[in-house]
Amino acid sequence: MGSLEVRFALALVSLLAGVVIAALAWPQLAASLTLSASVTAWVHPVVAPIAGRTANDVPPGSRIGSDGTIMEIVNDRLDDAPLREAERVLERVQARVAAASQRLEALRLADRDRRELMQRTALPDRARDLKSENGKAAMELGTARAAEREALQALGAQRQAYRSAQKVAVTAPPGATIYSIVPAGAAVEAGDPIARWLDCDELLVDAPVFDPWLRLLSVGGRGQVMLEAESFWRYAEIVALRRAAEVVGARELAVIAKGRDRGLGQVLLRLAATSADFDRCPVGRAVYVRLPDLDLLARLGL
């Protein structure tokens, strides 16, 4: 056999060996090629219920306490005119009650004097007059007290409305993790985004995948992920498949995978782990992903 045939045979053997090695190593190769992914989670926005200034001491990355409070908003621009008017109405009505009470008391004293005088002389006309005046004064006092009750109720309602609009506690689910939050003292308007929280017990993996490969995958399919700085695989389940034009971005997810800007499709996997499995919430950590349905033969069949 000539040297040319020998070189050709060696090249052919090397090529076949390379194909075999590539086929055997394909899962690891696929993991490193496709799937330069990131641990992420759904982000939940919080908006300001009222206008005012924020007062908070919950830094990003911290867990929300059992009462759910993440901050207070104090409205230092609130108009207190309705409250002051309700207080003035009550003062006027209470003045009427006091005047009616004094008048009725004076008539009762006069009636007592009349009775003492009647023991010595007969004054029937004056007795009828005093009885009529007593009745009118009692009615005036009853009307004034009814108005006082209404004014008290109105003032109470105004005070409650003022307190509700003047200071509001902003809450989120206890145990959730603060992802971002506006600083204390920030001026906000009602409806402004002021914080974002995420649940580190519902961890996802965002993996970029070429659009043509998505048809080889299905929701509910299995995957494996290896987190950066770990040396073992964790199980995961595919929960969403999206083409490049339909990917879920940074508004919905805490972190998006590297390479998302290259027009790749998206595979979202739910990680079979919770925050209790880690020293701290692993959102943002890079991961490698294995998707068994993306094997070499399936790709060669595209």
Q.
Just checking, does the stretch 72-87 include any residue being surrounded by 15 or more Cβ atoms within 10 Å (Cβ to Cβ), at pLDDT 85 or above and farther than 30 Å from Leu152 by Cα?
A. no
Q) Of the conditions (1) over 60 Å from the mean Cα position of the chain (by Cα); (2) at pLDDT 70 or above, Thr121 fails just one. Which one is it? A) (2)
Q. So Gly220 clears everything in (1) part of a loop (DSSP other than H, G, I, E, B); (2) more than 30 Å from Cys281 (Cβ to Cβ) except one condition, right? Which one?
A. (2)
Q | Identity of the residue in the stretch 130-162, modelled with pLDDT of 70 or more and of a type in the set (Lys, Arg), that ends up nearest to Ile73 (Cα to Cα) | A | Arg159
Q: Please specify each residue of the stretch 226-247 satisfying the condition of being β-branched (Val, Ile, Thr) and crowded, with 17+ Cβ neighbours inside 10 Å.
A: Ile238, Val247
(Q) Being of a type in the set (Gly, Ala, Ser) and exposed (fewer than 14 other Cβ atoms within 10 Å of the Cβ): is that true of Gly265 here? (A) no
Q. Got at least one residue in the stretch 194-216 being of a type in the set (Phe, Trp, Tyr) and surrounded by fewer than 14 Cβ atoms within 10 Å (Cβ to Cβ)?
A. no
Q. Exactly one of (1) part of a loop (DSSP other than H, G, I, E, B); (2) within 27 Å of Ala37 (Cβ to Cβ) is unmet by Ala184. Its number?
A. (2)
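The values are calculated or read from the model by the stated rules, or taken from the named source; none is laboratory data. For clarity, every value in this text was computed on a predicted model and none was experimentally measured. All Cβ positions, even for glycine, are placed from backbone atoms using ideal geometry, and neighbour counts span all protein chains on display.
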